[in-house]
Amino acid sequence: MQSLAFDLESERPGSVLTVEADLRDPATLPDMVEQVVSHFGRLDALVNNASNFFPTPFGQVEVEQWDELLAVNARAPFFLAQAAAPHLIKQRGAIVNLTDLHATQPLREHPAYSTAKAALEMVTRSLALELAPHVRVNAVAPGAILWPEQGKSEQAKQKLMERTPMARIGTPHEIASAVRWLLDDAGYITGQTLRLDGGRTLT
């Protein structure tokens, strides 16, 4: 992250501010927003991209696992949006949340994660209603973009590609382009989730 920030700052001095916080702690979230507004003098957009992801096989789920997945994937985006809303309203800004295809199609052995992402989809729709007409709120639900760091068998990859009409995984650039479009150009779209999955939900 610091390397990327340095590169961007080198290209455009004064354009980057890195802020660190524990998103599981709601008390830290308003300060994140205030640091950004203090530095730049305004806030035009909020992208809730942070996420945590790990299996929680039913029958073995711990309360702490449930709380951690809900805290980062649903609660933090909600309270960041609440803190950012007065500043976004001034700029007629926008919010984009990163959800997941598994918000509507549950992932086996990940019921808590799927539930958390489903909650984030409802946060998206609810805030779109609450903040209209001043702030638009939408979401992007990626399909397979990068293979998991812990690895995925070739057989599992092949099965996933067979279910994806575009016959490939997506790229981070494609996700970023969709987010930017929702922020900048989709002026009459709010409360929607764009499923960026190569057509996988069609099969």
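The values are calculated or read from the model by the stated rules, or taken from the named source; none is laboratory data. Since the structure is predicted, the reported quantities are computational estimates derived from the model, not experimental observations. Because the Cβ atoms are built from the backbone with ideal geometry, glycine has one as well, and the counts that use them run over all protein chains shown. These accessible areas exclude ligands, DNA and RNA; they are computed on the full protein's heavy atoms, side chains included. Shrake-Rupley method; radii C 1.70, N 1.55, O 1.52, S 1.80 Å.
Quick notes
- Residue among Ala132, Ala119, Ala178 that alone is touching a strand residue (DSSP E or B) at 6+ places or on another chain (Cβ under 7 Å) and among the small types (Gly, Ala, Ser): Ala178
- Of the criteria (1) surrounded by fewer than 23 Cβ atoms within 10 Å (Cβ to Cβ); (2) touching a residue at least 40 places away in the same chain (Cβ under 8 Å), which one Thr124 fails: (1)
- Scoring Thr99 on the criteria (1) in contact with a strand residue (DSSP E or B) (Cβ under 8 Å, 6 or more places away or on another chain); (2) under 25 Å from Gly170 (Cβ atoms); (3) free of Cβ contacts under 8 Å to residues at least 60 places away in the same chain leaves a single failure, condition (3).
- Residue match in the range 151-168 (condition: under 27 Å from Phe40 (Cβ atoms) and either aromatic (Phe, Trp, Tyr) or surrounded by 12 or more Cβ atoms within 10 Å (Cβ to Cβ) (or both)): no
- Test: Ala118 is open to solvent by 20 Å² or more (accessible area, probe 1.4 Å), small (Gly, Ala, Ser), within 27 Å of Val63 (Cα to Cα) and modelled with pLDDT of 95 or more: yes
- The range 83-99, residues that are more than 16 Å from the chain's Cα centre (by Cα) and either of a type in the set (Lys, Arg) or not in a loop (DSSP other than H, G, I, E, B) (or both): Ala83, Ala85, Pro86, His87, Leu88, Ile89, Lys90, Gln91, Arg92
- Only one of Phe40, Phe53, Phe79 that is farther than 29 Å from Gly198 by Cβ, in contact (Cβ under 8 Å) with a residue 24 or more places away in the chain and out of contact with any Lys or Arg (no Cβ under 8 Å at 6 or more places or on another chain): Phe79
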